[in-house]
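Below is one structure, written out as structure tokens; the observations come after it.
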Ligand code: HGY
Ligand code: MN
Ligand code: MN
């Protein structure tokens, strides 16, 4: 019998980043290897596996049908990410099916709703800049032409990368048939932030209450490229100086706004020479707040500060929105049902975005979080213990069985805690 720990150990060497953690951009060799791993594991369990026109992998246990219970997550990562963000939900889904099968349950039993595991591409938006690109395409939340023409840092378009991955980007876009097959979506995910891990002797599992709204903006600061030695300080229009002031303004704006979070995690001076005053700086802003209007106001405040800093340095500043997700409150009835099925679990809001948040606008969606004692994510320190991962599997199995309309067959023949 496999376990989540064993499944994750099987992929532990895929996409390791020499800087630490994992870098598994969508449709990169590493992520394609992970997709192949998932297809192999699902096929070995007798699941019916297909990849749809949006690059979403569907693994059906039993007959595909409308209104099924769907679980799953993503396999792509942020640069230098942890081992659990995404893969924990995918591995736990496979392991939960093993548990349900061991309990003698079947998704084709009378009254059952059907069960599938979905793996969504580009949840992190790390390669093409738009978070949850796969679930946005599925639900029609992004224009297909815009998606096809998104480019990575090498200028490769999403269409070109999809084609290279063996997919046909000509037909990406809203997929009502696939959406109709999702009656309930439930994603298991590593906890991100100090929640469960900070509760002494607390539960290992939480039910999600909400997903913090979040957006990404690209700032382009244009100055005058010049020589580092031959240019007097008074003659400079240095976009890096403006960028430095913007980064401090970002921190000040977020610190001044309760519950706001704002980050500049990516900055690229152009051309990037040690003895060259940059001609341009590209930088990306991530702003989040429970109230979408406050997110917008915070971005406005930062943009005004950026333009003022630019003017003081003789630089021009452009701010362009690249991705925006509203704050999502998870389906209340589904939350109550999950709490009934999983007594003793905590209720937890998350500051991280998820495909479940995109799907929530279309189908009842829920999330389960598994304790992460480090409180750290999107970094190598992200952690889930083997025991907590096993608890996550059992919680997911219980939830899927309960949601699937098939009563648990009892613990006699299953691997229950
Ligand atoms: O950025 C996020 O919140 C998520 O991890 N994609
Ligand atoms: Mn993430
Ligand atoms: Mn994630």
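Every number in this text was worked out from the coordinates using simple rules, so none of it is lab data. It should be emphasised that the depicted structure is a prediction, and the values quoted were computed from it without experimental measurement. Heads up, the Cβs are rebuilt from the backbone with ideal geometry, glycines too, and the neighbour counts pull from every protein chain shown.
A few remarks follow.
- Ranking of 233, 367, 283, 240 by count of other Cβ atoms within 10 Å, fewest first: 233, 240, 283, 367
- Note on the chain: with a GNM built from Cα contacts shorter than 10 Å, the maximum mean-square fluctuation among 351, 155, 140 falls on 155.
- On Cα atoms only, tilt of 239-255 relative to the major axis of the chain in degrees: 50
- Calculated diffusion of the stretch 159-259, Stokes-Einstein form, Kirkwood radius summed over Cα pairs, 4 °C and 1.567 mPa s, µm²/s: 63
- Helix 386-403 and the longest principal axis of the Cα set of the chain meet at an angle near 70°.
- Packing-based exposure ordering (other Cβ within 10 Å, fewest first) of 279, 377: 279, 377
- For the chain, a Gaussian network of Cα nodes joined below 10 Å ranks 402, 21, 229 by mean-square fluctuation, and the top entry is 229.
- Degrees between helix 332-341 axis and first principal axis of the chain (Cα, 0 to 90, nearest 10): 50
- Note on the chain: GNM, Cα springs under 10 Å; of 26, 320, 119, the largest mean-square fluctuation is that of 320.
- Segment residue 322..residue 349, full-extension length gain: 7.3 nm, with 0.36 nm per residue of separation and the alpha-carbon distance subtracted.
- Bridge type composition, the chain - antiparallel percent by DSSP, nearest 5: 70
- Length-normalised contact order of the chain in % [C-alpha pairs under 8 Å, at least 6 apart]: 23
- Over the stretch 213-325, Cα pairs under 8 Å with separation of 6+ residues give a relative contact order of 46 percent.
- Counted over the chain with a bin width of 20 Å, the fraction of Cα pairs per bin, in whole percents, is 26, 55, 17, 2, 0.
- As a proxy for reagent exposure, 252, 346 were ordered by neighbouring Cβ count within 10 angstrom, fewest first; the result is 252, 346.
- For the pair residue 218 and residue 51, a Förster radius of 25 Å applied to the C-beta separation gives a FRET efficiency near 0.25, rounded to the nearest 0.05.
- Modelled spin-label separation between residue 145 and residue 252, with each label point placed 7 Å from Cα along the Cα-to-Cβ direction: 4.2 nm.
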